[in-house]
Amino acid sequence: MVRQQLKIGDEFTNWEIIKEVDRKNGRRYWHCKCQCGTKKEIEQSSLITGRSKSCGCLRVGAGKKLKKYHEDHYRKDGVMTTTLKRKNNTNSSTGVKGVSSIKTVSGERFRVDIGINKKSLYLGVFDTLDEAKVVRKKAEIKYHKPYLG
Ligand SMILES: [Zn+2]
């Protein structure tokens, strides 16, 4: 493998090196900050090879960690407009438009989104499908009706 000298301030996709840390098991680690603000120690080879590109926030639609991440982050301010480049309402596993099933440690829950002007508005995560349906319906009335006239 090509030896590469990394330094503080180097950027690898979402990671930015902020501090050098001690070697572990002969491997070099760097204290990095993700664009989203998450800080983590990343092995040097992972940065160079691109195996690690972010704390996980970058891999849209992949893995539990991301769903958890989004759930935590979006929940902070309740509602948030996302600009994620993701097809909306196509991955519905519930049969209800805009409602997708997510697996959490406490069981199945239901995430509600609504598409407005090609953007996706996140409406929340709910314990039951019924609850999610009601929220989605209300949102359709609120957001879609004015456009339909
Ligand atoms: Zn991140």
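The values are calculated or read from the model by the stated rules, or taken from the named source; none is laboratory data. Keep in mind the model is a prediction, meaning the values are calculated, not measured. Cβ sites come from the backbone with ideal geometry, for glycine too, and all protein chains shown count toward neighbours.
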_So SER46, is it surrounded by 13 or more Cβ atoms within 10 Å (Cβ to Cβ), closer than 21 Å to LEU121 by Cβ, modelled with pLDDT of 90 or more and not aliphatic (A, V, I, L, M)_ = no
*For region 109-136, which residues satisfy the criterion of being farther than 19 Å from CYS57 by Cα and at pLDDT below 90?*
GLY115, ILE116, ASN117, LYS118
*Hey, does region 85-103 have a residue that's at pLDDT below 85 and under 13 Å from the mean Cα position of the chain (by Cα)?*
yes
*From the list GLY124, GLY115, which one is at positive phi, among the small types (Gly, Ala, Ser) and assigned to a strand (DSSP E or B)?*
GLY124
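Give the residues of region 2-17 that are surrounded by 14 or more Cβ atoms within 10 Å (Cβ to Cβ) and either assigned to a strand (DSSP E or B) or within 16 Å of the ligand (Cβ to nearest atom) (or both), sorted by residue number.
Scanning region 2-17 gives PHE12, ASN14, TRP15, GLU16, ILE17.
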*Search region 26-45 for residues that are assigned to a loop (DSSP other than H, G, I, E, B) and pair each with any residue that is within 14 Å of the ligand (Cβ to nearest atom) and of a type in the set (Phe, Trp, Tyr) when their beta-carbon atoms are under 7 Å apart and the residues are at least 6 apart or on different chains.*
CYS34/TRP15
_Some residue of region 52-70 being surrounded by 14 or more Cβ atoms within 10 Å (Cβ to Cβ), away from the ligand (no atom under 15 Å from the Cβ), hydrophobic (A, V, I, L, M, F, W, C) and modelled with pLDDT of 60 or more_ = no
*asked:* Residue pairs, Cβ under 8 Å, 6 or more apart or interchain, first in region 1-16 and over 11 Å from LEU47 (Cα atoms) and in the same structural domain as LYS39 (by TED's automatic domain parsing), second among the hydrophobic types (A, V, I, L, M, F, W, C) and modelled with pLDDT of 95 or more. List them.
replied: LYS7/ILE17; ILE8/ILE17; ILE8/ILE18; GLY9/ILE17
